[in-house]
1. Identify the single condition in (1) in contact (Cβ under 8 Å) with a residue 60 or more places away in the chain; (2) under 20 Å from G57 (Cα atoms); (3) in contact with a Leu (Cβ under 8 Å, 6 or more places away or on another chain) that E145 does not satisfy, given that it satisfies every other one.
2. Tell me, please, whether a residue that is closer than 30 Å to A61 by Cβ, assigned to a loop (DSSP other than H, G, I, E, B) and not hydrophobic (A, V, I, L, M, F, W, C) can be found in region 155-175.
3. I need the full set of residues from region 47-83 which are in a loop (DSSP other than H, G, I, E, B), surrounded by 12 or more Cβ atoms within 10 Å (Cβ to Cβ) and among the small types (G, A, S), in order please.
4. Do we have D46 as over 23 Å from I181 (Cα atoms), in contact with a helix residue (DSSP H, G or I) (Cβ under 8 Å, 6 or more places away or on another chain) and acidic (D, E) here?
5. Please find, among L128, L141, L194, L218, the residue that is open to solvent by less than 10 Å² (accessible area, probe 1.4 Å) and within 16 Å of the chain's Cα centre (by Cα).
6. I need the full set of residues from region 84-106 which are more than 18 Å from the chain's Cα centre (by Cα) and either touching a residue at least 24 places away in the same chain (Cβ under 8 Å) or crowded, with 18+ Cβ neighbours inside 10 Å (or both), in order please.
7. For A110, are the conditions met, namely being small (G, A, S), more than 16 Å from M19 (Cα to Cα) and touching a Ser or Thr at 6+ places or on another chain (Cβ under 9 Å)?
8. Please determine whether any residue of region 173-181 is within 17 Å of the chain's Cα centre (by Cα) and open to solvent by 60 Å² or more (accessible area, probe 1.4 Å).
Amino acid sequence: MTTAISVIVFDVNETLSDMSPMGERFSQVGAPAELAKLWFATLLRDGFALTASGDNGSFAAIGADALRGLLTGVELNRPLAAAVDHVMAGMTGLGVHPDVPEGIRALAAAGFRLITLSNGSAQIADKLFSEAGIRDAFESLLSVEDAPAWKPARASYEYAAAASGADPAGMLLVAVHPWDIHGAARAGLRTAWLNRTGGSYPGHFETPEFIITALTELPAALAAAR
């Protein structure tokens, strides 16, 4: 028998937070807006490399170092250090995607325990949800800063399960990133891929149990699966 889902675990960066304004931060320092996506991918790559080698790096420190590398040689309108500070500060001013408040409230009303598990800062998540008026819907905001490793390492999801006092089989990870879905599935969690962009899911990763295009679709999808 399949264990009923009781805890929903949310990724934060890009899944709940809208990171599109980060492109404007790059433009404001004189860099191409398109560098924002490359910067975030570089940040994740280096964080994953540290995880694979047994280390647990700081999201903010890795992000700043990645920025320094990408912006070196770019004709900026301010000193490099000031440009890095300006772009990094943009992470604290992001908002949630439009579908997030309604989706979160509906899931909370349905009786699910809601937590986050982010490779980023729990403090940033707290500010993000407080400003969106949904902080009280979350039982806890977890970060890999307090876990043995970054996602998608198994230890990160096991940390979330232990912190929640829950069986991984009764937990559902919601994320936009297929690598996160894969890691959670390998750790025994159930998974929901939030396909905001209409892309195709990579065949080399574990297939998600649920596929939705907006968070507001998840309550009905879970109800239908009961």
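The values are calculated or read from the model by the stated rules, or taken from the named source; none is laboratory data. Worth saying up front: this structure is predicted, and the values here are computed from it rather than measured. Here the Cβ is made from the backbone with ideal geometry for all residues, glycine too, and neighbour counts use every protein chain on show. Each accessible area value is taken on the protein alone, full model and side chains, heavy atoms only, with ligands, DNA and RNA left out. Shrake-Rupley method; radii C 1.70, N 1.55, O 1.52, S 1.80 Å.
1. Result: E145 passes all but (3).
2. The answer is no; no qualifying residue exists.
3. Within region 47-83, G57, S58 meet the criteria.
4. No.
5. L194
6. Passing the criteria: V84, H86, V87, E102, R105, A106.
7. When the stated conditions are applied, A110 does not pass them.
8. no
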